[in-house]
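This report refers to the structure that appears directly beneath it.
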Amino acid sequence: MSARHCTVLFLLIAGAASGAQDIEALGSRLSDLDRSLYSCAETSAHTLCRAAGKSFEHLGLPVLGMTLEYRGELLNQTTVLFDEARFAEVEGHLTARFGAPEIQDEQLRSGMAGAIVNRVRVWRRDRDIAMLEQFYGKITRSALRYLTSDDFRELMRARDAVRVRGTRDL
């Protein structure tokens with residue numbers, strides 16, 4: 001089975017088992033995306049598509065938003081946003097489905113909130129990663145990302161590059 005098919009299978013299992021709606025599979029083509037459901041913007045290397053005014057669930061929980069990142073014609077990352085208060089529920093659903101995660105917690109600086117711990121959980125399936133982090137962009141949001149192991153390594157390398165004495169800005 002090819003890496004792309006493993007990715008599709010990983011996301012289909014996650015989505016079908018949870019009642020997820022309209023979660024696009026990694027490796028899917030931008031030309032196949034129903035543009036009426038998304039607002040898309042192109043840069044030189046990427047196309048970012050956000051769910052447009054649509055209410056949906058993933059893992060049986062309400063979603064605050066979803067962004068699809070296409071590199072060229074193919075989807076290479078999906079980010080699903082949840083209310084931060086749902087972090088433990090999302091983690092529980094993923095652990096029940098995929099087993100115990102790797103724990104990669106990190107220290108964050110968050111303005112007036114000071115230093116906080118960002119709980120980061122990682123599930124690996126062949127070349128695919130599901131990464132859940134407690135604080136994403138704000139202290140009120142958690143994010144679940146589906147991405148390839150190569151993109152995960154690139155993301156973590158970029159984060160390591162901006163750490164000062166072990167702490168990263170939120």
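Restricted to segment 94-110, and to residues there that are outside any loop (DSSP other than H, G, I, E, B) and under 20 Å from THR140 (Cβ atoms), the residue that is modelled with the highest pLDDT is GLU106. Residues in segment 51-71 that are modelled with pLDDT of 90 or more and closer than 17 Å to ASP32 by Cβ: MET66, LEU68, GLU69, TYR70, ARG71. Residue count for segment 42-62 satisfying the condition of being open to solvent by 20 Å² or more (accessible area, probe 1.4 Å) and not small (Gly, Ala, Ser): 8.
When segment 105-134 is filtered for residues that are farther than 19 Å from GLU57 by Cα and in contact with a helix residue (DSSP H, G or I) (Cβ under 8 Å, 6 or more places away or on another chain), the ones remaining, listed by number, are GLU106, ARG119, ARG121, VAL122, TRP123, ARG124, ARG125, ASP126, ARG127, ASP128, ILE129.
Filtering segment 49-70 to residues that are of a type in the set (S, T, N, Q) and in a loop (DSSP other than H, G, I, E, B) leaves only SER55. Each residue in segment 31-41 was checked for being at pLDDT 90 or above and either out of contact with any strand residue (DSSP E or B) (no Cβ under 8 Å at 6 or more places or on another chain) or open to solvent by 50 Å² or more (accessible area, probe 1.4 Å) (or both), and 4 pass. The residue that is modelled with the highest pLDDT, counting only those in segment 122-142 that are open to solvent by less than 10 Å² (accessible area, probe 1.4 Å) and closer than 13 Å to PHE87 by Cα, is LEU132. Just one of (1) surrounded by 14 or more Cβ atoms within 10 Å (Cβ to Cβ); (2) within 22 Å of ARG153 (Cα to Cα) fails for LEU74. It is (1).
The values are calculated or read from the model by the stated rules, or taken from the named source; none is laboratory data. All values reported here derive from a predicted model rather than from experimental measurement. Cβ coordinates were reconstructed from backbone atoms using ideal geometry, including for glycine residues, and neighbour counts include every protein chain displayed. Surface areas here come from the heavy atoms of the whole protein model, side chains and all, with no ligands, DNA or RNA. Shrake-Rupley method; radii C 1.70, N 1.55, O 1.52, S 1.80 Å.
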